[in-house]
Amino acid sequence: MTLPSLDAHATLTPGSAGMPALTDVLVIGLGVTGAGVALDAASRGLDVVAVDAFDVAWGTSRWSSKLVHGGLRYLAKGQVAVAHESAVERGILMEVTAPHLVHPLPMLMPLTAEISASQAWLARRGVGAGDLLRRLAGTARETLPRPRRISATETRTLAPVARHDVRGGILSWDGQLEDDARLVLDIARTATSYGAHVHTRVRAISVTGTGAVLRDELTGEERRIEARAVINATGVWADQLVEGISLKPSRGTHLVVRREALPGVRCALMAPVPGASNRFVFALPQPDGTFYVGLTDEPVSGAVPDVPEPPEEDVDFLLSVMAGALEQPLTRADVVGAYAGLRPLLDSNGSTADLSRRHAVLVSEQGVVTVVGGKLTTYRRMAEDAVDKALSVSGLRARPCRTRQLPLLGAGSHAELAAVDAPARLVRRFGTEAPLVVANALAHGLTRNEALAPVSPTIPATLAELVFGVTHEGAADVADLLDRRTRIGLVPADRVVAEPLARRALAIAKASTIS
Ligand SMILES: Cc1cc2nc3c(=O)[nH]c(=O)nc-3n(C[C@H](O)[C@H](O)[C@H](O)COP(=O)(O)OP(=O)(O)OC[C@H]3O[C@@H](n4cnc5c(N)ncnc54)[C@H](O)[C@@H]3O)c2cc1C
């Protein structure tokens with residue numbers, strides 16, 4: 001069997017097989033932050049080993065709102081530098097590094113009777129300031145259109161489910177990810193294409209500034225790795241590995257509803273949280289035919305779970321706030337899934353939660369560099385700061401950071417993406433690599449029809465993607481395929497339907513390895 005030509009490095013490896021015993025930089029954690037650090041260091045010419053105890057995008061990075069946002073809420077709190085950084089990074093993602101994975105999302109705030117004229121005026125000023133941020137960040141208007149006040153008729157056209165008494169709406173734009181886990185996978189694969197060794201199912205048991213004891217979670221085998229610099233990017237778990245870090249996690253919950261629950265809606269809907277200024281519940285349309293309704297912001301204490309559970313009170317809160325914008329409220333019967341994530345916020349000694357959303361790079365007494373906080377949007381800048389710090393602490397020499405100009409695998413201009421000869425869904429998810437996804441499936445003996453048929457009428461994912469998930473993206477089991485390579489698992493009923501196909505993808509890939 002002839003497989004399509006591919007960069008042998010651009011694959012992720014479950015388990016520690018083939019991992020070097022010595023490296024320049026060891027990265028622990030493969031959320032967006034750790035994957036970003038691995039790419040930053042590898043693209044500067046350093047030897048990199050990056051590990052995750054479970055899988056790529058196992059932690060908070062897959063539970064986000066999937067927005068690449070311009071930092072408007074930080075501006076509202078007077079944090080101009082944080083807001084500017086967010087807007088700059090949004091522009092880089094949308095125009096250079098990942099135009100295939102981030103697209104402009106129209107966001108509509110319907111002006112209902114509950115929103116006073118002065119509140120509406122403030123909201124307009126807010127989105128106007130957001131547009132100023134865009135301009136100062138150098139992001140083109142073609143990338144993110146200018147916000148505007150729209151009429152009641154236009155509001156009802158964009159969102160027929162909005163309350164019938166709306167007197168108009170405020171329409172603004174932000175960036176939206178195809179999927180957060182896909183971004184992390186793409187960053188991690190891009191790191192491997194620069195030579196990084198990226199291993200899932202490898203847990204760091206203990207770390208120092210010069211190495212770590214790692215446990216292969218597939219075999220139970222423990223080994224020591226020597227490194228000239230060690231970077232801890234384990235998010236809400238960062239304080240478990242390194243002393244002297246104080247975190248105050250905060251839970252955010254989203255609900256999943258099908259498109260039919262909000263018929264005809266062609267944008268994100270914003271409903272203000274009563275009694276709070278500058279806080280909203282969003283209904284965010286997803287490319288797979290669902291909406292995510294989120295989100296909450298609740299401080300949590302105690303042990304950090306592997307997978308946080310959304311509590312009932314969060315479900316009630318989200319449904320009741322969203323009801324304020326809708327003629328026909330959503331009900332519990334509309335909720336087909338729910339998820340929660342924990343923000344890795346630094347404990348900033350009683351100052352506001354927003355202040356602690358800045359990222360921080362900390363160095364332990366033993367010389368371990370920890371990068372924590374921040375947000376998905378700013379992962380590239382966090383990685384740059386962490387690698388700069390690791391170089392200064394370790395004395396390692398390397399080229400300057402180059403990720404600002406470095407497209408991820410599959411990135412291309414809008415014209416290039418439009419010209420890719422592959423199904424639109426695959427182009428949205430894999431960009432210019434979409435033909436490779438198809439060719440890979442055919443090379444594994446599938447017909448085009450088998451490879452590209454949707455899993456079911458409500459599940460647009462295809463067998464081609466699942467097979468690629470195993471052969472190129474390090475998926476080791478059904479959960480890797482359904483919960484991270486695709487997000488079918490966000491709707492438990494869909495998960496049951498897709499499981500046999502995920503098992504088939506694993507068998508297909510295994511058979512070709514053996515033959
Ligand atoms: C509900 C919610 C919504 C959000 N929405 C947005 C948004 O729309 N836009 C935005 O920009 N930001 C958003 N954020 C923020 C953003 O998601 C996080 O800041 C970011 O994902 C954190 O990534 P991370 O890589 O630091 O942590 P994680 O993604 O949690 O990664 C840490 C990794 O470390 C691994 N690990 C832990 N311990 C070990 C060990 N001992 N050995 C090996 N591996 C280990 C874990 O398995 C995990 O994969 C949101 C956050 C939440 C909670």
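Just a few scattered comments:
- Distance between the 7 Å Cα→Cβ label points at N449 and D306: 4.1 nm.
- Per-residue Karplus couplings for segment 359-368, computed as 6.51 cos²θ - 1.76 cosθ + 1.60 with θ equal to phi - 60°, are listed in order as 7, 9, 10, 10, 10, 7, 4, 7, x, 7 Hz, Gly and Pro entered as x.
- Structure-based [θ]222 nm, the chain - -39500 (n - 2.57) summed over DSSP H runs of at least 4, per residue, nearest 500: -9500 deg cm²/dmol
- Sites listed here are trypsin sites (Lys or Arg not before Pro) in segment 380-412 whose DSSP assignment is loop and whose Cβ has at most 10 other Cβ atoms within 10 Å: R397.
- Close amide H pairs (under 5 Å, H built 1.01 Å from N) link E221 with D216, residues at least 5 positions away or on another chain.
- Between E226 and S118, the distance separating the two model label sites (each 7 Å from Cα on the Cα→Cβ line) works out to 6.8 nm.
- Pairwise FRET efficiency - Q328 versus A81, Cβ, R0 = 30 Å, nearest 0.05: 0.10
- Here the dipole of segment 214-340 is about 460 debye; that uses its Cα centre as origin and unit charges on the Cβ of Lys and Arg (positive) and Asp and Glu (negative).
- Using C-alpha pairs below 8 Å separated by at least 6 residues, the relative contact order for the chain is 21 percent.
- Taking a span of 30 Å or more along the helix axis (Cα atoms) and a mean Kyte-Doolittle hydropathy of at least 0.0 as the rule, the DSSP H helices of the chain that qualify are 492-514.
- Taking amide H as placed 1.01 Å from N in the peptide plane, D174 has its amide H under 5 Å from the amide H of L105, M107, each at least 5 places away in sequence or on another chain.
- Residue (of V427, V455, A493) at the positive-pole extreme of the chain, dipole from beta-carbon charges: V427
- Where GluC sites (Glu not before Pro) in DSSP loops with at most 13 other Cβ within 10 Å are excluded, longest remaining stretch of the chain: 366-515
- For segment 38-165, the Kirkwood radius over C-alpha pairs fed into Stokes-Einstein at 10 °C and 1.306 mPa s yields D = 91 µm² per second.
- Annotation: the antiparallel percentage among DSSP beta bridges lying fully within the chain is about 75.
- Near A117, once Lys and Arg are set to +1 and Asp and Glu to -1 for all other residues with Cβ below 11 Å from its Cβ, the sum equals +2.
- Packing-based ranking, highest mean first, of 488-496, 317-325 given that Cβ atoms within 10 Å are counted: 317-325, 488-496
- Scattering profile of the chain at q = 0.12 Å⁻¹ [log10 I(q)/I(0), Debye over alpha-carbon scatterers]: -1.13
- Between the residues A140, Q176, A233, the greatest Cα displacement towards the positive end of the dipole of the chain, with unit charges on the Cβ of Lys, Arg, Asp and Glu, is found for A140.
- Karplus-derived HN-Hα couplings along segment 282-288 (A = 6.51, B = -1.76, C = 1.60, θ = phi - 60°), whole Hz, x at Gly and Pro: 10, 10, 10, x, 10, x, 8
- Solvent-accessible area per residue for the chain (1.4 angstrom probe, square angstrom): 40
- Charged-residue dipole, Cβ positions (Lys, Arg, Asp, Glu), segment 338-492 about Cα centre, Debye nearest 20: 460
- Cut-off under 5 Å, modelled amide H: who pairs with G324 long-range: none
The values are calculated or read from the model by the stated rules, or taken from the named source; none is laboratory data. Note that this is a predicted model, so its numbers are computed, not measured. As a convention, Cβ positions derive from the backbone with ideal geometry for all residues, glycine included, and neighbour counts pool all protein chains shown. When the accessible area is computed, the model is the full protein with side chains, heavy atoms only, and any ligands, DNA or RNA have been set aside. Shrake-Rupley method; radii C 1.70, N 1.55, O 1.52, S 1.80 Å.
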